[in-house]
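In what follows, a single structure is set out as structure tokens and then discussed.
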Amino acid sequence: MLICGLLYPLLTTGIAQVLFPYQAQGSLIEEKGKIIGSELLAQAFTSPQYFHPRASAADYNPTASAATNAAVSSEEYIQGVEASVNAVRNENPMLAKQVPADLVTTSASGLDPHLSPEAAKAQIPRIAKATGLSERTLIALVNQHTEGRQLGIFGEPRVNILTINRALQKQIK
């Protein structure tokens, strides 16, 4: 119990603090001395001038991380996705026929801070209209904030919504 319950956690925490201090502290983003979020947790952005994140089954509350646990064939899941599709289409009337799946489905944790580049780009007409920025400028912003696969092979290209919205906010001012 002493080895597994105390020594091992202290050792691994100490190593993480030395080798990866930013990550070990939660990848917190600070602005003007104030913590505004984490690169690892989604936040709700609802203003039309910002990129909106994935839907959250946990209401963006990190203490309530949860998925819906509804089967994709269940009526509850189908109705939820249809409601999300309608909401996304209402917010983005110029959206193409096919809505990117990650704009209308929740992640397993309900707190995924990333969208696919396609889902981010699907929101550009709405953001351009709300901010007055050109679509070309916004496409460049998405491209600049697209992260590649981890180690070149794991995962998919993705855009962190908090970091892109911070960059967008600087261009709006």
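Annotations
- One residue alone among Arg158, Arg136, Arg126, Arg166 is more than 21 Å from Gln43 (Cα to Cα) and not acidic (Asp, Glu), and that residue is Arg136.
- Residue in segment 95-105 that is in contact (Cβ under 8 Å) with a residue 24 or more places away in the chain, more than 18 Å from the chain's Cα centre (by Cα) and exposed (fewer than 14 other Cβ atoms within 10 Å of the Cβ) present: yes
- So Leu141, is it within 23 Å of Ile36 (Cα to Cα) and under 11 Å from the mean Cα position of the chain (by Cα): no
- The lone exception for Asp112 - which of (1) part of a helix (DSSP H, G or I); (2) at pLDDT below 85 it fails: (1)
Results for (1) touching a Leu at 6+ places or on another chain (Cβ under 9 Å); (2) not polar (S, T, N, Q), shown as yes or no for each residue.
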residue	(1), (2)
Asn86	no, no
Arg89	yes, yes
Ala101	no, yes
Thr105	no, no
Ile127	yes, yes
Thr131	yes, no
Glu135	no, yes
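- Filter result for the condition that a residue is at pLDDT 85 or above and in contact with an Asp or Glu (Cβ under 8 Å, 6 or more places away or on another chain), over Arg158, Arg136, Arg89: Arg158
- So Ala167, is it surrounded by fewer than 16 Cβ atoms within 10 Å (Cβ to Cβ) and touching a Pro at 6+ places or on another chain (Cβ under 7 Å): no
- Segment 119-150, residues that are in a helix (DSSP H, G or I), closer than 27 Å to Ser84 by Cβ and among the charged types (D, E, K, R): Lys121, Arg126, Lys129, Glu135
The values are calculated or read from the model by the stated rules, or taken from the named source; none is laboratory data. All of these numbers come straight from a predicted model, not from anything done at the bench. With ideal geometry, Cβ positions are generated from the backbone for all residues, glycine too; neighbour counts draw on all protein chains shown.
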